[in-house]
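Data block below; observations after.
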Amino acid sequence: MSRSLFTCLLLCLSAALHAAPPAAADAATPANSATLTDPPSRIQARYDVLKGGIKIATMKETFTREHDRYQIESVSQAVWPLTMLKAETIRASSSGTVTAHGLRPATFDATRKVDSDRNARAELDWEKHQITLIDRAGRRTAPLPAGTQDRLSAMYQLMFLPLRDMKVLKFFMTNGSKVDDYSYIVTPGKTVTVPLGTFKAIYLATPREENANRTEIWLAAEHANFPYKIVITERDGGQYTQVLTGIDVTP
């Protein structure tokens, strides 16, 4: 199975985002009526991942909150016939605290059943403003930018942001190996159709750049900005789609 598939599987709910340092206001803006002020205690989401309209993988996500602590677990698995080439399973987890401005991750882990040498971990120390990155290159420490999210917490953080009042969303994100800055153009007033139906949506898209991958995200505007569909278009024109097939929410 190609490396691009596994990149897609991790990017989808954790955001394949691109590029510019976040303004402080983006990370610290209070939630408005379109966002969550009291997140649910549990969210279970199921997605299909498709390439060219053909299902190639499934993804299951579970978000749990207990008071001011949160945990996110993600499992991505290839489906037949790709499993004949490599029966890979990717697991990712994020844990941290729930603050007045959303999620503040403390640890992030990404592990692979087969390609375990590509496992990665991030430890975020908000008191020291440092992030420790651990992967096959070793262990190293770097400055921790304000508002940094990880690949899992990034999508759930969208539930806390007043996106209807924003034109551009900018923030930093880690995958356990590095910290990158990302930027999306925000467009409200759209719709998205998934197997569950058609919903009002807020549309996020990375700026168009020549010879660069592009990510598009449709958030259900009346369902706390939860991601219902994601499309990643690679520089060679190949396209991956992640679409919500089921969701269960516990208040």
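Please list 166-176, 204-214 highest first by mean number of surrounding beta-carbon atoms within 10 Å per residue. Please list the in-between numbers first.
Values: 166-176: 20.6, 204-214: 14.3.
For the peptides 166-176, 204-214, the packing ranking is 166-176, 204-214.
Taking a point 7 angstrom from the Cα of Val75 along the C-beta vector, which residues in the range 39-69 have backbone N less than 17 Å away?
43-49, 57-64
Would you kindly state how much longer the chain becomes between Ser41 and Lys60 on full extension, computed as 0.36 nm times their sequence separation minus their alpha carbon distance, in nm to one decimal?
Working: separation 19, 0.36 × 19 = 6.84 nm, distance 1.69 nm.
Gain on stretching Ser41 to Lys60: 5.1 nm.
Enumerate the calculated ³J(HN,Hα) couplings along the range 216-223 in order (Karplus 6.51 cos²θ - 1.76 cosθ + 1.60, θ = phi - 60°), each rounded to whole Hz, writing x wherever the residue is Gly or Pro.
Karplus-based 3J(HN,Hα) across the range 216-223 equals 10, 9, 10, 9, 6, 5, 9, 10 Hz.
Run the quick spin-label model on Arg164 and Ala205: label points 7 Å from Cα toward the beta carbon, then report their separation in nm to one decimal.
If labels sit at Arg164 and Ala205, their model points lie 2.2 nm apart.
Could you name the aspartates and glutamates in cross-link range of Lys229, using Cα to Cα under 15 Å and dropping any fewer than eight places away on the same chain?
Asp48, Glu61, Glu216
In nm, what is the difference between 0.36 nm times the number of residues separating Arg140 and Glu127 and their Cα-Cα distance?
On the way: separation 13, 0.36 × 13 = 4.68 nm, distance 1.75 nm.
Length difference between fully extended and current span is 2.9 nm.
Order these peptides, 146-155, 188-197, by their mean beta-carbon neighbour count within 10 angstrom, highest first. Write out the running numbers ahead of the final one.
Details: 146-155: 25.2, 188-197: 13.5.
So the order, starting with the most tightly packed, is 146-155, 188-197.
As a quick test, which of the pairs Lys113/Lys170; Lys51/Lys113; Lys60/Lys167; Lys86/Lys170; Lys178/Lys200 have an alpha carbon distance above 27 angstrom in this structure? Spell out each step's value before the answer.
Details: Lys113/Lys170 33 Å; Lys51/Lys113 22 Å; Lys60/Lys167 30 Å; Lys86/Lys170 36 Å; Lys178/Lys200 34 Å.
Table pairs above 27 Å Cα-Cα are Lys113/Lys170; Lys60/Lys167; Lys86/Lys170; Lys178/Lys200.
Values quoted throughout were computed directly from the atomic coordinates according to the rules given, and no laboratory measurement underlies them. It should be emphasised that the depicted structure is a prediction, and the values quoted were computed from it without experimental measurement. With ideal geometry, Cβ positions are generated from the backbone for all residues, glycine too; neighbour counts draw on all protein chains shown.
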